[in-house]
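Below is one structure, written out as structure tokens; comments come after it.
Just so you know, all these numbers are worked out from the coordinates, no wet-lab data involved. This is a predicted model, so every value here is computed, not measured. Positions of Cβ are generated from backbone atoms using ideal geometry, with glycine treated the same way; all protein chains shown enter the neighbour counts.
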Amino acid sequence: MEESRRKHRILMVSDFFYPNFGGVESHIYYLSQCLLKRGHKVVIMSHAYGNRTGVRYITNNLKVYYIPWRPFLMQNTLPTFYLTLPIIRTILIREKISIVHGHQAFSTLCHESLMHARTMGCKVVFTDHSLYGFADPGSIHMNKILQFTLADIDHAICVSHTSKENTVLRSGIKPETVFVVPNAVDTAMFTPAPTQLARDEVVIVVISRLVYRKGADLLVEVIPEVCRLFPHVRFIIGGDGPKRVRLEEMREKFSLQDRVEMLGAVPHSQVRSVLISGHIFLNSSLTEAFCIAILEAASCGLLTVSTRVGGVPEVLPEDMIVLAEPAPQDMVRAIEQAIDMLPNIDPQIMHSRMKSYYSWHDVAKRTEIVYDCVMDSSNKSILERLPRYLICGAWAGKIFCLVMIVNFILWRLLEFFQPAESIEEVPDMASMCNHEDDN
Amino acid sequence: MKNRRDSHDTYKYVRTDTSTLDKVIDVHDVYVKRSKLRVLFSYIGRLILLANMSLLLIEKDKLSIVSFWRLFLGVVSAKLLQYKPIKKESVVIMPSFGVQLETHYWNGRIDRKFIQMGKILKPVLNECVTPVTCYWSLVLVLRDEDQLALVFQKLQPPIKILVPVWKALCKSTNLEDHSHSLK
């Protein structure tokens, strides 16, 4: 049964990849590594980061193309519509790609790649990692672009059921075409402290970017109240951002310098060492599609207190997380409840449970099912696909159709001037290594 | 003397091994077909520039910003359509001595560059990524230098032609490494 699994050749595309660090980046990396272990061929494409441009091979011969298009806003490539067609076409042909998997709705490179891949008749999958609004101008614009990209897609993946609902409402695609494949955590990296911490002093850890979206303003209200009510509690705050100033001011105002420790930006390799110095992990995000940070904390044996937003309630069972409304009073109540639950918490048992609940190999297996479904869907010509764009809106539908027709014409012109046969295919590194070993 | 040929639509590869005394000099030539269309375009570009300059000379009393703009466009088009036809690029491998990289033009000019064998750390088949394309190139990683040395300066031969040249370079640099380690 294992041997009869189909092997796919996947191109992961996103503006967000290493050396930039975040949830999307680590999702792409871990998923790619697990897919490689399952025998698929995976290549990643992102834009250049500073001097890092060209082809790089990372762990297990995972090939990464850093194409020399500079980012222009928040690590996003400048949207050029058609200018990325030649390089994407070249990569798809030379790597013999069968599926293009785009990540993150905010990535312009992802949208352009999916558009060009569909024009070339390649199968595409899209994974949405975040929740977005509906009312502000930025969200309206982003949702329209998402509607365009997902109009002609066979299947999409979301990281939680809440995220699926959000994506379906924003883009108008059919819910039955969206799979839910949650994120996971590297439980081998996030292990509890070898010896349990003493419970005479309760340490609450916060590790997040100190921005509005991550609820830094809530922390400013909650921390002084908790410190007033519970004299044996202290806080460790890791992370940096524009709201750090407010937290520093709060420390000064309430004289909490000895009870609130600010660590600044914490590199990901040191997150575990910060987590294991605490008993409770506090997450105050105002919006989260999934929240990998909670998984990391639970894997290290910490009890989590979080705001009940987005996909957070789907992440952990009730005995591992205490949920609160994103309001200071309710969060203080939740922290009190968590402190009372602490004596019943065994970090090692929590870690073992996390190992059984979440693993990247499981995510890869589920993603493989999505790939199999996508490959089974029928190929349609451009004329059969254009009506899917027309239903996107009275004016938008016609503009989308025009964009796709121009893209198709440009692709045919490229096929004429630079035939696919003239683009050399790349030999597989794995087969080359085996060949050298045999020799 | 041993010869080996390989051909591609645009490029032709010829390998020649010449024995002198106890050494074998390995010569790898990559010939490129002269493009008649490119020659025609380069003449058209020069004609456009010539016409623009003549017009300027005739209209010298009525010079305006448009005339200078036309001249600028003429220079740009002549530059873009310029075609310096290359006849062949050669890699001459002299074991224990060095590698000579040559570019031969149709007008008789030859550009040469010599790299000592001891300076070469490793020949590498590199994938170059540009904003519009991706292609293979053969480069030499040199000791104590940041820049890679391109083996084929002007041409972009296909991987089928690059591989035998790369293997020959690897063989001669490995021999050099072995002789160094024995010392």
Computed Rg/Rh of the protein assembly as shown, alpha carbon atoms with Kirkwood Rh
1.06
For region B:63-121, which trypsin sites (Lys or Arg not before Pro) pass both filters: DSSP loop (anything but H, G, I, E, B) and at most 12 other C-beta atoms within 10 Å?
B:ARG109
In a Gaussian network model of chain A with springs linking alpha carbons closer than 10 Å, the residue among A:ILE140, A:ILE153, A:ILE321 that fluctuates most is A:ILE140
Overall Cα dimensions of region A:213-370 - principal axes, largest extent first, Å:
54, 34, 28
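Do any GluC sites (Glu not before Pro) in region A:1-42 lie in a DSSP loop with no more than 13 other beta carbon atoms within 10 Å, and if so, which? If you can, show how the numbers build up before the last one.
On the way: sites: A:GLU2, A:GLU3, A:GLU25; in loops: A:GLU2, A:GLU3.
Loop-located and lightly packed - A:GLU2, A:GLU3.
Rounded if a/c is under 1.5, else prolate if a/b is larger than b/c, else oblate: which is chain B, with a ≥ b ≥ c the root eigenvalues of its Cα gyration tensor?
Details: a/c = 2.91, a/b = 2.38, b/c = 1.22.
Here chain B falls in the prolate category.
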Positive-end extreme of charge dipole, region A:93-247 - chosen from A:ASN143, A:THR127, A:VAL159 (charges on Cβ):
A:ASN143
Rounded to whole Hz and in sequence order, give me ³J(HN,Hα) for region A:61-73 from the Karplus expression 6.51 cos²θ - 1.76 cosθ + 1.60, θ = phi - 60°, writing x for Gly and Pro.
6, 6, 8, 10, 9, 9, 7, x, 10, 6, x, 10, 8
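Volume per residue, Å³, of the convex hull around the alpha-carbon atoms of region A:1-105? Working shown, then result.
Values: hull volume 11.6 nm³, N = 105.
Taking the convex hull of the Cα positions in region A:1-105, it is 110 Å³ per residue.
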Span-like helices, chain B: DSSP H, alpha-carbon axial extent 30 Å or more, mean Kyte-Doolittle 0.5 or greater, which ones?
B:36-58
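What number comes out for the charge environment of A:ILE369, summing +1 per Lys or Arg and -1 per Asp or Glu over other residues with Cβ under 13 Å away? Walk me through the numbers before you get to the answer.
Numbers: positive: A:ARG5, A:ARG6, A:ARG38, A:LYS365, A:ARG366; negative: A:ASP362, A:GLU368, A:ASP372, A:ASP376.
The answer is +1.
To one decimal place, what orientation-averaged projected area in nm² is obtained for the convex hull of the Cα set of region A:205-254?
Values: hull surface 12.6 nm².
Orientation-averaged projected area of the Cα hull: 3.1 nm².
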Computed FRET efficiency, Cβ-Cβ of B:GLN100 and B:LEU125, R0 22 Å: what is it to the nearest 0.05?
0.60
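For chain A, what are the DSSP H helices with axial Cα length of 18 Å or more and mean Kyte-Doolittle hydropathy of at least -0.5? Please report the intermediate quantities before stating the final value.
Values: long enough: A:23-37 (21 Å, 0.26); A:137-151 (21 Å, 0.37); A:216-229 (20 Å, 1.16); A:328-341 (20 Å, -0.21); A:360-376 (24 Å, -0.31); A:396-417 (31 Å, 1.72).
Counting only whole DSSP H runs, the qualifying helices are A:23-37, A:137-151, A:216-229, A:328-341, A:360-376, A:396-417.
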Put +1 on the Cβ of every Lys and Arg and -1 on every Asp and Glu Cβ in chain A; which of A:VAL305, A:TYR65, A:VAL332 then has its Cα farthest towards the positive end of the dipole?
A:TYR65
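Need one number: convex hull volume per residue for region A:98-173, Cα atoms only, in Å³. Mind dumping the intermediate values first?
Details: hull volume 5.7 nm³, N = 76.
Convex hull volume per residue, Cα atoms: 75 Å³.
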For region A:300-353, the fraction of alpha-carbon pairs in successive 10 Å shells from zero, as %
24, 53, 22, 1
Pairs B:LYS88/B:LYS171; A:LYS37/A:LYS380; B:LYS36/B:LYS154; A:LYS243/A:LYS365; A:LYS144/A:LYS243: which are spaced more than 29 Å apart, C-alpha to C-alpha?
A:LYS37/A:LYS380; A:LYS243/A:LYS365; A:LYS144/A:LYS243
Just need the Rg to Rh number for region B:39-110, please, alpha carbons only, Kirkwood Rh.
1.32
Which one, A:THR77, A:GLY241, A:PHE230, projects farthest toward the positive side of the charge dipole computed for chain A from Cβ point charges (K/R +1, D/E -1)?
A:THR77
Simple label model, 7 Å out from Cα along Cβ direction - B:LYS60 to A:ILE58, nm
6.5
By what distance, in whole Å, do the Cα atoms of region A:248-312 stretch along each of the three principal axes, largest value first?
35, 25, 20
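Once you compute Rg and the Kirkwood Rh from C-alpha atoms, what is the Rg to Rh ratio for region A:1-63? Before the final figure, lay out each step's value.
Values: Rg = 12.7 Å, Rh = 12.5 Å.
With Rg and the Kirkwood Rh in hand, the quotient comes to 1.01.
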Rounded to whole Å and sorted largest first, list the principal axis extents of the Cα atoms in region A:44-133.
38, 33, 27
How many angstrom lie between the C-alpha centres of region A:98-171 and region A:233-251?
35
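Hey, got a sec? Which GluC sites (Glu not before Pro) in region A:289-387 land in a DSSP loop and have at most 12 other Cβ atoms within 10 Å?
Working: sites: A:GLU296, A:GLU314, A:GLU318, A:GLU336, A:GLU368, A:GLU384; in loops: A:GLU318.
Sites meeting the loop and neighbour criteria: A:GLU318.
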